[in-house]
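Below you'll find the structure, written out as structure tokens, and then a few comments.
Just so it is clear, none of the values below were taken in a lab; they were calculated from the coordinates. Computed from a predicted model, the values in this text were never measured in an experiment. Don't worry about glycine lacking a Cβ; one is built from the backbone with ideal geometry, like all the others, and counts go over all protein chains shown.
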Amino acid sequence: MHILAIVTGDYGNRHVSNIRSRKPEDWELQSYQAPVQLPLIIDYPEDYLPTDLPQAELVLSFAEHKGVAELLPDIVRLCGGQAVIAPVDNEAWLPRGLARQLRGWLDAMGVVCVTPKPLCTLTESRYRISRRDWVEFEDPLISEFARHFGKPEMDIQVDAETREIVSVEVRRDAVCGCASYVAEGLRGVHVDEAEKQAGLLHHHYPCLASMGIDSDYGDTLMHISGNIIKDVVASQIKEYRHFTYIEPGKRAE
């Protein structure tokens with residue numbers, strides 16, 4: 001698979017670095033540094049784009065400027081893209097209305113576009129755009145990418161006697177690499193502390209999703225992302241955890 005990543009700063013560069021270090025060998029990944037000085041209204045997209053771009057099947061938009069999203073249809077034409085992943089990790093970079101327009105523009109070109117909010121909700125067949133809303137899609141290129149990067153999946157092994165984590169296999173990493181970072185920090189951690197530790201590691205990585213309250217979630221996207229990784233860990237260790245139940249009106253044994 002040939003992939004072109006559009007970047008403008010640290011957010012995108014970290015994603016590209018993680019994909020490059022963990023991607024399948026038969027993937028070819030190139031990046032394009034998009035312009036960051038763009039007008040509020042782009043009348044002539046060709047004034048802000050090169051005459052050609054590396055040919056690619058899948059386009060990843062990691063830009064930190066909403067003007068770049070407006071250039072994506074022209075970028076897709078230049079590189080011959082067949083599918084686009086344009087995450088919403090910050091509404092300032094890709095507002096929900098523009099994300100909806102972008103999906104429409106690209107659909108009219110016969111190009112599938114997904115806009116997961118946040119990026120770590122992406123799976124092979126669907127993604128979230130709000131607390132309650134999932135969007136389903138069908139596209140072999142995006143599905144192939146999401147087999148390796150997207151909503152984190154782990155296989156955690158626990159020592160039944162000590163109840164400590166002995167190994168963590170990351171089956172699907174977050175695009176930014178956060179899941180792999182969390183996995184490394186969980187080895188040797190007691191199961192009763194693992195969920196909390198996963199949240200701390202996610203914060204220390206750090207996640208680069210927005211820290212402002214998002215109205216589609218009533219929470220920050222960073223917090224949503226942190227809960228995703230904590231839930232993954234919790235589901236893997238639940239059989240080893242011990243819980244104390246208190247019945248009102250009775251003394252504990």
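Stretched out straight at 0.36 nm per residue, the stretch from His190 to Arg77 would grow longer than its current Cα-Cα span by 35.5 nm.
Pairwise alpha-carbon distances in the range 153-240 exceed 22 Å for 25% of all pairs. Each DSSP beta bridge with both residues in the range 2-148 is either parallel or antiparallel, and the antiparallel ones are about 15%.
For a modelled paramagnetic label at Val36, 7 Å from Cα along Cα-to-Cβ, the residues of the range 49-86 in reach, with backbone nitrogen under 15 Å, are 62-68.
In summary, the lysines within cross-link reach of Lys117, defined as a Cα separation below 21 angstrom excluding same-chain residues under 8 places away, comprise Lys66, Lys151, Lys230. Once the Cα atoms are used to define both axes, helix 221-237 deviates from the longest principal axis of the chain by about 40 degrees.
Near Leu208, no amide H atom lies under 5 Å from its own; only residues 5 or more places off or on other chains count, and H is placed 1.01 Å from N. Over all orientations, the chain has a Cα convex hull whose mean projected area works out to 16.0 square nanometres. Each label point was placed 7 Å from the Cα along the Cα-to-Cβ direction; for His203 and Val135 their separation is 3.1 nm.
Among Gly150, Gly199, Gly218, which one moves the most in a GNM of the chain with springs linking Cα atoms closer than 10 Å? Taking springs between Cα atoms under 10 Å, the residue moving most is Gly218. I want to verify a result. In a Gaussian network model of the chain, Cα cutoff 10 Å, which of these has the top mean-square fluctuation: Ser215, Ser143, Ser31? Largest GNM mean-square fluctuation: Ser215. Distance between the C-alpha centres of the range 84-152 and the range 209-232: 16 Å, rounded to the whole angstrom. Once both labels are positioned 7 Å from their Cα atoms along Cα-to-Cβ, the gap between Ser125 and Arg22 label points is 2.4 nm. Normalised by the number of residues in the range 153-240, the average gap of Cα pairs under 8 Å and 6 or more apart makes the relative contact order 28 percent.
Restricting to the chain, what percent of DSSP beta bridges are antiparallel, rounded to 5?
40 percent
Only the Cβ atoms of Lys and Arg (+1) and of Asp and Glu (-1) were treated as charged; on that basis the dipole of the chain about its Cα centre amounts to roughly 580 debye.
Computed on the chain, with alpha-carbon pairs under 8 angstrom and 6+ residues apart, the relative contact order is 14 percent. Across the range 1-121, Cα-Cα pairs farther apart than 26 Å form 11% of the total.
When the range 153-240 is described by a simple charge dipole with +1 on each Lys and Arg Cβ and -1 on each Asp and Glu Cβ, the residue from Met154, Ser225, Val189 located farthest towards its positive end is Ser225.
For the pair Arg241 and Gln55 in one chain, pulling the backbone fully straight at 0.36 nm per residue adds 62.0 nm over the alpha carbon distance. Highest GNM mean-square fluctuation among Met222, Met154, Met211, for the chain modelled with Cα contacts below 10 Å: Met211. Considering only Val175, Met1, Gln55, the residue lying farthest towards the positive end of the dipole of the chain is Val175, judged by Cα position with unit charges set on Cβ.
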